[in-house]
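Engineer: This is the structure, below, for whatever I ask next.
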């Protein structure tokens, strides 16, 4: 049996972009705040106290060019609004279900949809003894695919045996189908509830 290593890859969508953007915005806000405090306290102005945060030259320019300043502020606000909406849509967008292109030597390339592969893995998983139902979906991208399995187990099922058969048969077959040595997989096991019996 191949080595089984914990992996967070298929658990959820990568949040690297969101983390980087929030970190960058936080650092930028921190630097602007520190600069405002230093300027206002007079540290950057040869220790002059009670210096206004906004430079008098800037304030005078804003007064002289009120219409241009309003346009600049409006454009900046619209840009921030568009960026915020784009970020929201990107965060709320459902994860992609990648299709795969398998290379064939004789008849060219063969495209396999994520749904077809998920159905094949589901059919294999439901053949494992003790598995009553299986839900499967692909995630990630065509270059780094991952797999998510939710298995409903019958009561009294040997989980170790289910785990071994999944790795030796189901997942090995999926890796071979994609021509990959590794296929990050998140497996969620749940006990299938027995139907309630009515008392007569």
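The values are calculated or read from the model by the stated rules, or taken from the named source; none is laboratory data. All values reported here derive from a predicted model rather than from experimental measurement. Positions of Cβ are backbone-derived with ideal geometry, glycine not excepted, and every protein chain shown enters the neighbour counts.
Engineer: For the structure I just gave you, tell me whether residue 178 is surrounded by 15 or more Cβ atoms within 10 Å (Cβ to Cβ) and over 15 Å from residue 116 (Cα atoms). Show your work before the answer.
Structural biologist: Numbers: surrounded by 15 or more Cβ atoms within 10 Å (Cβ to Cβ): yes; over 15 Å from residue 116 (Cα atoms): no.
No: the conditions fail for residue 178.
Engineer: Can you pull out the residues in the stretch 107-165 that are surrounded by fewer than 17 Cβ atoms within 10 Å (Cβ to Cβ), part of a helix (DSSP H, G or I) and in contact with a helix residue (DSSP H, G or I) (Cβ under 8 Å, 6 or more places away or on another chain)?
Structural biologist: Of everything in the stretch 107-165, just one residue is surrounded by fewer than 17 Cβ atoms within 10 Å (Cβ to Cβ), part of a helix (DSSP H, G or I) and in contact with a helix residue (DSSP H, G or I) (Cβ under 8 Å, 6 or more places away or on another chain), namely 120.
Engineer: A follow-up question, please. Out of 69, 76, report the one residue that is surrounded by 10 or more Cβ atoms within 10 Å (Cβ to Cβ), modelled with pLDDT of 85 or more and not assigned by TED's automatic domain parsing to the domain that holds residue 117. I'd like the intermediate steps shown before the answer.
Structural biologist: Details: 69 fails: modelled with pLDDT of 85 or more.
Checking each option against the conditions leaves just 76.
Engineer: Is it true that some residue in the stretch 20-39 is on the phi < 0 side of the Ramachandran plot and at pLDDT below 70? First the steps, then the outcome.
Structural biologist: The first filter runs over the stretch 20-39 and keeps only residues on the phi < 0 side of the Ramachandran plot, leaving 20-39.
In the following step, the residues that additionally are at pLDDT below 70 were identified as 39.
So far as the stretch 20-39 goes, yes, one or more of its residues are on the phi < 0 side of the Ramachandran plot and at pLDDT below 70.
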